[in-house]
Structure formats: C-alpha cells, structure tokens
1. Anything in segment 87-106 that is free of Cβ contacts under 8 Å to residues at least 40 places away in the same chain and among the charged types (D, E, K, R)? List them, or say none.
2. Could you list all residues from segment 122-174 that are among the aromatic types (Phe, Trp, Tyr) and within 11 Å of residue 198 (Cα to Cα)?
3. Do any helices (runs of 4 or more DSSP H) entirely within segment 290-387 hold 1 or more residues that are among the aromatic types (Phe, Trp, Tyr), and if so, which?
4. Is segment 240-262 home to any residue that is surrounded by fewer than 16 Cβ atoms within 10 Å (Cβ to Cβ) and closer than 30 Å to residue 83 by Cβ?
5. If residue 186 satisfies every condition in (1) surrounded by 22 or more Cβ atoms within 10 Å (Cβ to Cβ); (2) within 18 Å of residue 138 (Cβ to Cβ); (3) basic (Lys, Arg) but one, which is the exception?
6. Looking at 291, 235, which is the one that is out of contact with any Ser or Thr (no Cβ under 8 Å at 6 or more places or on another chain) and either in the same structural domain as residue 310 (by TED's automatic domain parsing) or within 23 Å of residue 107 (Cα to Cα) (or both)?
7. Please enumerate the residues belonging to segment 112-146 that are more than 18 Å from residue 175 (Cα to Cα), touching a Cys at 6+ places or on another chain (Cβ under 9 Å) and not in a loop (DSSP other than H, G, I, E, B).
8. Check off (1) modelled with pLDDT of 90 or more; (2) within 16 Å of residue 245 (Cβ to Cβ); (3) touching a helix residue (DSSP H, G or I) at 6+ places or on another chain (Cβ under 7 Å) for residue 309 and give me the number that stays unchecked.
Amino acid sequence: MAIAADIKCAECGRVIAGEVHNVNGYDYCAECHRETFTTCADCGAEVARDDARTVNGDDYCEDCYGERFEECEHCGEVIDRERSYPSENGDVYCEDCYSDLFTCCDDCGCELYRDDARYTDNGTYCDGCYPDGWQPGHFRPSESFREVGSTRRFGVELETSQCPDYEELQGETCFGAKDDASITGKEFISPPLSSDKGLEAIREFCRLAEGFEVDEKCGFHLHIDLSRVSVAGLRRVALAYRLTQQLWARFVSESRRGNYYCKPLEYAPSTAEGVETREDWDSFVDRCGDRYKWANWQAYRAHGTVEIRLHTSTLDPEKICNWVKAHLRFVDWAIAHDESEIRESLTHYELDSQFGALAEIWADPALADFYAARAKKFGHRFAKEVA
C-alpha cells in the first residue's frame with residue numbers, strides 16, 4: 001500500500017485520496033479493493049472475487065482450490081480431499097454418496113457397487129465369494145467356561161481338499177459350507193461360538209467330517225471376537241502378537257512360516273504413534289497391508305475380529321480346540337494389561353523365556369505341555385518345559 005497524489009483507481013477511475021492498494025501492477029482505492037478482491041484462506045494471496053472459489057464461506061485461489069478440494073462424482077458436492085472417498089475405479093465421492101453406492105465383500109473385502117453385490121442373511125458377497133453350500137446354523141452357548149478358559153466369542157474356518165458327500169452334513173452340524181477358489185474341497189465355517197459348548201461343537205463337526213482330507217493348500221483360521229474392545233485394548237492385542245510372532249510360528253509346520261497366506265507382522269501400534277481413536281486404528285490397519293498376514297487385522301473391519309491364519313490345516317479336534325484355548329486366553333491377558341506390562345512380560349531374546357511367560361498366561365500345564373511337544377516336533381526344544 002502507498003499514499004500518493006493524482007493516482008487513479010483502476011476500477012472506479014477516481015483519484016485516490018487515501019491509501020493506494022496495488023494488485024498485479026494496478027492501483028485501487030480502499031473501497032474498490034475491498035469490493036473487488038478477497039484473500040485466499042490457504043495461501044493468503046489476494047484474488048479477484050470473480051475468480052475466487054468459495055467453499056463453506058471461505059475463499060480460495062484456483063491453485064489452492066485444486067490442491068485441497070474435489071467434486072463428488074455422483075452429487076457434485078465440493079469435498080475436502082482429506083474427507084473424500086476414492087473408489088477403486090478412480091472416481092471420488094462424498095461420504096454419503098459413497099455409502100449409498102458402494103459396499104464391500106464380507107469375505108475378500110473387495111469394493112462392490114451395492115446393485116452388484118450378492119446378499120445372504122449372514123453377509124454381503126462378490127460373485128467370486130458368494131457361498132455355494134449353506135450358511136452356518138444356530139448355536140446356543142452353555143454357561144460353562146472352565147475348559148475354554150474365556151468368555152470371549154470365536155469362530156473357526158476349516159479348509160478341506162476332499163470332502164466326499166459333504167452335503168450330508170447339512171442339518172447335522174451348526175457349521176456351514178462354502179466354496180473357496182484356493183482349495184479343491186469346501187471350506188467349513190462355524191457360527192460365532194463360545195463357552196465349553198463351542199469346543200464340543202468343533203469336536204462334533206470333526207467326528208462328522210471323518211473321511212474328509214486336507215493338504216498343504218488348506219488352512220485353519222481362527223476368528224477372535226474383539227468387537228466390544230476399546231482402541232487401547234486392540235492396541236495391546238496387536239502389540240502382544242507382534243512381540244510373540246516367532247514363538248507362535250514354532251507351534252506350526254515350517255510350510256506355514258512365511259507362507260504367502262500368513263505373512264509376518266511388521267507393525268505394532270502404540271500410544272507413542274498416536275493410535276488412540278477409531279480413525280487412528282483404521283490408519284494402523286491400513287499400514288498392516290493385505291489380509292494375508294498371519295494375524296489378519298483387516299478382518300476387524302468386516303467382522304470385528306482378528307483372524308489368526310497361522311495354523312496348519314487340520315481336522316484334528318484336539319489341535320483345533322487347543323489352538324482356540326491358547327489364543328483366547330492370550331488375548332484376554334493382553335487386553336487386561338497395559339503396554340509396559342506386556343513389553344516387560346513378552347520382550348525376551350530367548351524363546352525359552354518367552355514360552356515360559358506364555359505358559360503362565362495360559363495357566364494350564366496340559367496346554368503348555370502340548371505346545372512344548374508341538375515345538376519339539378517342528379525342530380525347537382524348549383529348555384524349560386512347563387510341567
């Protein structure tokens with residue numbers, strides 16, 4: 001700004017009597033400057049009102065507008081890029097339109113137009129995951145939790161390579177059956193289970209499935225319900241699994257360690273990283289990568305669970321039930337302790353010491369002996385096996 005005599009305003013043509021406002025080489029009186037120009041809310045540059053882009057009462061220059069905002073492909077609403085919802089086809093939507101137009105497959109997690117999705121009473125599926133078989137049936141838990149050692153709900157998925165006359169199981173078990181492109185048989189899926197009766201349901205299914213076969217392409221996946229757990233609790237569970245992943249790998253065959261479908265964990269969230277809200281947790285899950293981690297946190301978005309994918313395929317009820325008990329008790333312990341206690345208990349350079357800590361968490365000598373024997377079978381003998 002300057003004060004000078006005989007300088008005419010580029011807008012009204014009158015001699016400027018007071019302050020002179022120079023914009024892009026042109027002089028303006030205070031009134032015309034105020035009426036003609038505004039200030040970009042981002043970069044602070046002066047911009048002609050006719051050229052400014054206004055969003056929610058704030059004005060922006062063209063460059064800042066282009067960097068910060070986009071228009072919803074469906075309704076045309078201007079949206080902040082940080083709050084936009086890009087679809088897999090490259091278009092961008094506001095939250096309401098994205099929610100109205102799209103959903104995701106409950107199995108593989110792919111994005112779907114709602115009109116293209118296939119729906120059942122138990123979920124939403126893409127064409128490739130739509131179950132060819134039957135849905136899991138009703139399960140009523142008991143009031144006994146003595147054997148399982150946890151009141152937490154869980155579910156199991158058991159893949160097979162051969163399952164002759166599997167249709168005869170429908171109605172005889174609470175398990176459902178579906179196709180899976182990665183295997184030659186069927187995948188058998190439990191409803192949400194809990195209590196000691198949940199273990200009984202697994203044993204009953206394995207009895208009915210006598211004669212079915214599994215091979216190295218098959219897996220046994222355990223879902224652990226975390227739907228009512230706080231972000232702090234989720235953070236503790238993720239940390240505990242990250243610290244003990246080498247130990248859990250000792251309980252399964254070498255073919256499952258580093259398998260494409262059970263990749264190692266790379267991240268553990270903490271308060272130091274700011275993982276405190278649901279939005280923070282979603283960001284952590286994004287950093288975890290695809291659903292083929294041995295502890296799959298992508299399952300939390302679809303089912304409210306963490307999916308443990310590490311175990312070798314099996315129809316042995318003892319192996320399945322012990323895996324359930326081991327993980328449920330571990331998760332309950334992690335949720336009940338703060339991060340410093342988890343690190344103190346589970347950060348060991350020697351797996352022998354870490355196994356001892358895990359055995360104390362289980363509080364079941366028979367379970368500890370079982371996994372000591374499993375580790376020995378797969379090439380690791382613990383120096384101090386729990387009696």
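The values are calculated or read from the model by the stated rules, or taken from the named source; none is laboratory data. This is a predicted model, so every value here is computed, not measured. Every residue, glycine among them, receives a Cβ derived from its backbone with ideal geometry; neighbour counts consider all protein chains shown.
1. 88, 91, 95, 96, 100
2. Of the residues in segment 122-174, the ones among the aromatic types (Phe, Trp, Tyr) are 125, 130, 134, 139, 145, 154, 166.
139, 145, 154, listed by residue number.
3. On the way: elements: 298-303, 317-336, 339-346, 351-362, 365-377.
Correct list: 298-303, 317-336, 351-362, 365-377.
4. No, because not a single residue in segment 240-262 is surrounded by fewer than 16 Cβ atoms within 10 Å (Cβ to Cβ) and closer than 30 Å to residue 83 by Cβ.
5. (2)
6. Residue meeting the stated conditions: 291.
7. Correct list: 112, 118, 124, 125.
8. (3)
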